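Asks: Sharing a structure here in C-alpha cells format.
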Amino acid sequence: AQSVAQPEDQVNVAEGNPLTVKCTYSVSGNPYLFWYVQYPNRGLQFLLKYITGDNLVKGSYGFEAEFNKSQTSFHLKKPSALVSDSALYFCAVRDPYFNKFYFGSGTKLNVKP
Amino acid sequence: GAVVSQHPSRVICKSGTSVKIECRSLDFQATTMFWYRQFPKQSLMLMATSNEGSKATYEQGVEKDKFLINHASLTLSTLTVTSAHPEDSSFYICSARDRRRTGEGETQYFGPGTRLLVL
C-alpha cells in the first residue's frame with residue numbers, strides 16, 4: 001500500500017528565512033512522489049515531482065525537495081520564504097498500478113512579514 | 001498547457017435537488033479523470049476514477065447512485081450529486097490525466113474546484 005504522512009499541521013516561518021515542509025512516505029516498489037500547493041478555494045497546483053535520478057528535485061516558484069531513501073522522506077524546501085508562499089501544501093504518492101494519487105493530510109504554511 | 005476547468009465554481013442548492021458539476025480538460029485529452037472531495041482543513045479524498053467511454057470506478061464507501069459520474073468525451077467528465085443533502089456540502093475537485101503523458105512520471109492536473117452548499 002502507498003501512503004504519505006505530513007507530521008506538521010502548520011509551519012510558521014518569517015519572510016526571508018528558509019522553510020521546510022516535511023513528508024515521509026511508505027511505498028511498495030519505486031516511489032513516485034509529488035508536491036502540490038493549494039491556495040484558498042482553489043484547486044491544487046503542481047510544484048515538483050521525484051521519479052528517479054537526482055535526489056534533489058527543483059520545481060516551481062523556487063521550491064525544491066530532497067528525496068532521502070534511507071529516511072523515506074521527501075521534504076519540501078525553499079531557501080528564502082515569501083509571504084505569498086503562505087498556502088496549504090500537500091505531499092502525494094502515485095500508485096502506478098492503480099494510477100491513483102494518495103495525498104498527505106496537508107501542511108499549512110504561514111509566512112510572516 | 002494542461003489546464004483543467006470546473007463549472008460551476010460555486011453552487012448553492014436546496015436539499016433534495018440534484019447538482020451537476022463539469023470538469024473539462026481545455027488543451028489536452030484526458031482518458032482518465034478523477035473526482036475528489038475535500039472537507040475544510042482536510043486532505044483530498046478520492047471518490048472515483050472516471051474513464052472515457054466506460055463506467056466509473058468508485059472508492060470504497062462512496063455511493064455510486066448518489067454521485068453519478070459520466071465521462072462522455074476525452075475532454076469532459078461530469079459529477080452529479082443526486083438528491084443532495086446538507087452533509088454533501090463540500091469542496092469537489094477534479095483532476096485529469098493527459099493521455100500523451102502517461103507513464104511513471106505522469107502528473108495529474110487539477111481543476112480549481114467547486115464549492116457546493118446544500119441548504
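Every number here is computed from the coordinates shown, using simple stated rules; none is lab data. Model, not experiment: these values are computed from the prediction. Because the Cβ atoms are built from the backbone with ideal geometry, glycine has one as well, and the counts that use them run over all protein chains shown.
Asks: Compute the FRET efficiency between A:E64 and B:L68 as 1/(1 + (r/R0)^6), taking r as their Cβ-Cβ distance and R0 = 41 Å, and round to the nearest 0.05.
Replies: Working from the Cβ atoms, E equals 0.50.
Asks: Along the charge dipole of segment B:7-76, Cβ charges K/R +1 and D/E -1, which of B:G53, B:F39, B:C13 sits furthest on the positive end?
Replies: Highest projection toward the positive end goes to B:C13.
Asks: Expressed as a rounded percentage, what relative contact order does segment A:1-86 have, with Cα pairs under 8 Å and six or more residues apart?
Replies: Values: 152 pairs, mean separation 27.4, N = 86.
Relative CO of segment A:1-86 lands at 32 percent.
Asks: Output ³J(HN,Hα) for segment B:31-39: one whole-Hz value per residue in order, computed from phi by the Karplus curve 6.51 cos²θ - 1.76 cosθ + 1.60 with θ = phi - 60°, and x for Gly and Pro.
Replies: 6, 10, 10, 10, 10, 10, 10, 10, 8
Asks: Filter the trypsin sites (Lys or Arg not before Pro) in segment A:1-95 to those in DSSP coil with at most 15 other Cβ atoms within 10 Å of their Cβ, and list the result. Before the final figure, lay out the partial values.
Replies: Values: sites: A:K22, A:R42, A:K49, A:K58, A:K69, A:K77, A:R94; in loops: A:K22, A:R42, A:K69.
Here the sparse-neighbourhood loop sites are A:K69.
Asks: Size of the dipole of the protein assembly as shown about the Cα centre, Lys and Arg at +1 and Asp and Glu at -1 on the beta carbon, nothing else charged, in debye to 20?
Replies: Numbers: 25 positive and 19 negative charges, 54 e Å.
It works out to roughly 260 debye.
Asks: Here is a further query. Among B:T75, B:T57, B:T32, which one moves the most in a GNM of chain B with springs linking Cα atoms closer than 10 Å?
Replies: B:T57
Asks: When the chain is fully extended, how far beyond the present Cα-Cα distance does A:Q10 get from A:K112, taking 0.36 nm per residue of separation?
Replies: Working: separation 102, 0.36 × 102 = 36.72 nm, distance 1.30 nm.
Full extension from A:Q10 to A:K112 adds 35.4 nm.
Asks: Starting from 0.36 nm per residue, how many nanometres of slack lie between B:E59 and B:L119 once their C-alpha separation is accounted for? Show your work: numbers first, answer last.
Replies: Details: separation 60, 0.36 × 60 = 21.60 nm, distance 2.62 nm.
That works out to 19.0 nm of additional length.
Asks: When the dipole is taken about the Cα centre of segment A:1-58, and only Lys, Arg (+1) and Asp, Glu (-1) are charged at their Cβ, what size is it in debye, to the nearest 20?
Replies: 180
Asks: On to the next question. For chain B, which cysteines have no disulfide-compatible partner, meaning no other cysteine Cβ under 4.7 Å?
Replies: So, B:C13.
Asks: Shape verdict for segment B:55-119, please, from the Cα gyration tensor: rounded (a/c under 1.5), prolate (a/b greater than b/c) or oblate.
Replies: Numbers: a/c = 2.24, a/b = 1.82, b/c = 1.23.
Judged from the Cα gyration tensor, segment B:55-119 comes out prolate (a/c at least 1.5, a/b above b/c).
Asks: While we're on this one: For segment A:103-113, just list the computed ³J(HN,Hα) in residue order, Karplus coefficients 6.51, -1.76 and 1.60, θ = phi - 60°, integers in Hz, with x standing in for Gly and Pro.
Replies: 9, x, 6, x, 10, 8, 9, 10, 10, 8, x
Asks: Nearest 20 debye, what's the magnitude of the dipole of segment B:10-92 about its Cα centre given +1 on Lys and Arg Cβ and -1 on Asp and Glu Cβ? Mind showing how you got there, number by number?
Replies: Details: 9 positive and 8 negative charges, 38 e Å.
I would put it at about 180 debye.
Asks: Could you work out the relative contact order of chain B? I mean the mean sequence separation of Cα pairs under 8 Å and 6+ apart, divided by the number of residues, in percent. Let's see the in-between values first.
Replies: On the way: 300 pairs, mean separation 43.3, N = 119.
Relative contact order of chain B: 36 percent.
Asks: Run the simple label-point estimate for B:K41 and A:D54 please: 7 Å along Cα→C-beta, distance reported in nm.
Replies: For B:K41 paired with A:D54, the spin-label model returns 3.9 nm.
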